[in-house]
Amino acid sequence: MPPWNRWAERVRARAGLQDDDGSAALEFIVVGLLLLVPVVYLIVSLGLIQGQSLGVEAGARHLARTVSQATDAATARVEAARVLDAVVAEYGIDPAHVDVAMSCRPAGGACPEAGATVVVTVTARVALPLVPPVLGLERLASIPIEASAAQKVSRFWGAE
């Protein structure tokens, strides 16, 4: 036996490290868990963000279509509120973090009006999972998402 092997055995004996059989499996499990947990968290977070971004996009599209096909402003408001509630419920979006803005092109007239293009923008915030509501962390750990949709208003808008 070469002298350096005897020296290594004496060092192991003094440190209490006689045998390291089975430690590779334990190291593999520990390192695997340390790498697996963030990957699973990332997949879950991206899934939530993607799902809610699809919901915001659907909300903008459906709201623009609903407003443009309504017969008057009062009907448009009622139907838009109903559609927004349905989309928020369908996609599990937090209603407290949803904001809707509507504008018309060309600008300057009443919105909506016959022949104009309605642009609806829906914004929301997606809270990341497992973030506690302590010290404002839930506001810091949320992702803003936004979607816009445009729809041409019928030239018969407001006509009875």
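The values are calculated or read from the model by the stated rules, or taken from the named source; none is laboratory data. This is a predicted model, so every value here is computed, not measured. Positions of Cβ are generated from backbone atoms using ideal geometry, with glycine treated the same way; all protein chains shown enter the neighbour counts. Ligands, DNA and RNA are excluded from the accessible area calculation, which covers all protein heavy atoms including side chains. Shrake-Rupley method; radii C 1.70, N 1.55, O 1.52, S 1.80 Å.
Counting charges near Pro95 (Lys, Arg +1; Asp, Glu -1) among other residues having Cβ under 13 Å from its Cβ returns a value of -3. Taking only protein heavy atoms and a 1.4 Å probe, the accessible area of the chain is 63% carbon and sulfur.
In the full protein context, region 39-160 carries 61 Å² of accessible surface per residue, based on a 1.4 Å probe and ignoring ligands, DNA and RNA. Computed 3J(HN,Hα) for region 67-83, one whole-Hz value per residue from the Karplus formula 6.51 cos²θ - 1.76 cosθ + 1.60 where θ = phi - 60°, is 5, 6, 9, 5, 8, 7, 5, 5, 5, 4, 5, 5, 5, 5, 5, 5, 5, glycine and proline marked x. The structure shown yields percent of Cα pairs over 23 Å apart, and of the options (i) 52; (ii) 59; (iii) 36 that calculated value carries the label (ii). Highest average first, the peptides 30-36, 83-89, 72-78, 119-125 ordered by how many other beta carbon atoms sit within 10 Å of their residues are 119-125, 83-89, 72-78, 30-36.
Take the Cα of Ser148, step 7 Å toward its Cβ, do the same at Thr123, and the gap between the two points is 1.2 nm.
Scalar couplings 3J(HN,Hα) for region 123-130, obtained by applying the Karplus form with A = 6.51, B = -1.76, C = 1.60 to θ = phi - 60°, are 10, 8, 10, 9, 7, 6, x, 6 Hz; x denotes Gly and Pro.
For the chain, the longest principal axis of the Cα atoms and the long axis of helix 3-15 meet at an angle of about 70 degrees.
Couplings 3J(HN,Hα) for region 31-48, derived from phi with the Karplus relation 6.51 cos²θ - 1.76 cosθ + 1.60 (θ = phi - 60°), are 5, x, 5, 5, 8, 6, 4, x, 5, 5, 4, 4, 5, 5, 5, 5, x, 5 Hz, where x marks Gly and Pro. Amide H to amide H, with H built 1.01 Å from N, Cys111 comes under 5 Å of no residue 5 or more places away or on another chain.
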